[in-house]
Amino acid sequence: MPFELILTSGPNSALPHGRPTERTIHPGEPVLIDIGARISGYCSDFSRTICLGKELKTESYQLSAIYDIVLKAQTTAIEGIESGMNASQVDQLARIVIKQAGYGDAFGHNLGHGVGLAVHELPGLASNSSDLLLDGMVFTIEPGIYIPGWGGVRVEDMVVLENGKAKLLTRSEMVSFQLSATH
């Protein structure tokens, strides 16, 4: 494993690099999972936020809305990436979506980072990064919204820049939460 597993829930998921605790996971709250693997010396990095339980609570609806914002920010960034862009431009694509939704102050980390022989390498996708994105680079796109006392949502995927565009390397289905009385 290239890094220690992150598995946090409820208010603890508001800590982007929180550590697992003995806290019980409750239905309707965010559960943030960040995992990776090392194969033939190369690293991977992947995060998802899930919600357990069939009970519909106010928190579940808030989680669904925030998840959709984070997913839209990620999709916007991935679709907007082009070879030759400055990494700060990509960070801005996602940050604008989150800011327009009213959560600009709740996205307190960089959009992503390079992944290779180390789990954190260049390029750094940050608001102040001057790194140039070029074909062949592998990096994460991981926007998040973190609300102290409530919890956090992050959706992280790895991409490779190929033929001028970002290609997803991770295979988890990217869908929004679907909440209804029948689930």
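Of note:
- Whole-Hz couplings from phi, Karplus 6.51/-1.76/1.60, listed for the stretch 16-25; x for Gly and Pro: x, 10, x, 10, x, 10, 7, 4, 6, 7
- If the segment from His17 to Tyr42 were pulled out straight at 0.36 nm per residue, it would be longer than the present Cα-Cα gap by 6.9 nm.
- Label point at Val160 placed 7 Å out along Cα→Cβ; residues across the stretch 116-148 whose backbone nitrogen lies under 11 Å: 136-139
- Counting only Cβ charges, +1 for Lys and Arg and -1 for Asp and Glu, the dipole size of the stretch 1-159 around its Cα centre is about 360 debye.
- Helix axis angle, 87-100 relative to the chain longest principal axis, alpha carbon, degrees: 30
- Sorted by Cβ neighbour density within 10 Å, fewest at the top, the residues Asp68, Asp135, Asp157: Asp135, Asp68, Asp157
- Remark: Ile98, Ile6 ranked as Ile6, Ile98, counting other beta-carbon atoms within 10 Å and listing the fewest first.
- Listed residues Leu169, Gly41, Val115: farthest to the positive end of the dipole of the chain (Cβ charges): Leu169
Values quoted throughout were computed directly from the atomic coordinates according to the rules given, and no laboratory measurement underlies them. All of these numbers come straight from a predicted model, not from anything done at the bench. Note that we place each Cβ from the backbone using ideal geometry, even for glycine, and neighbour counts take in every protein chain shown.
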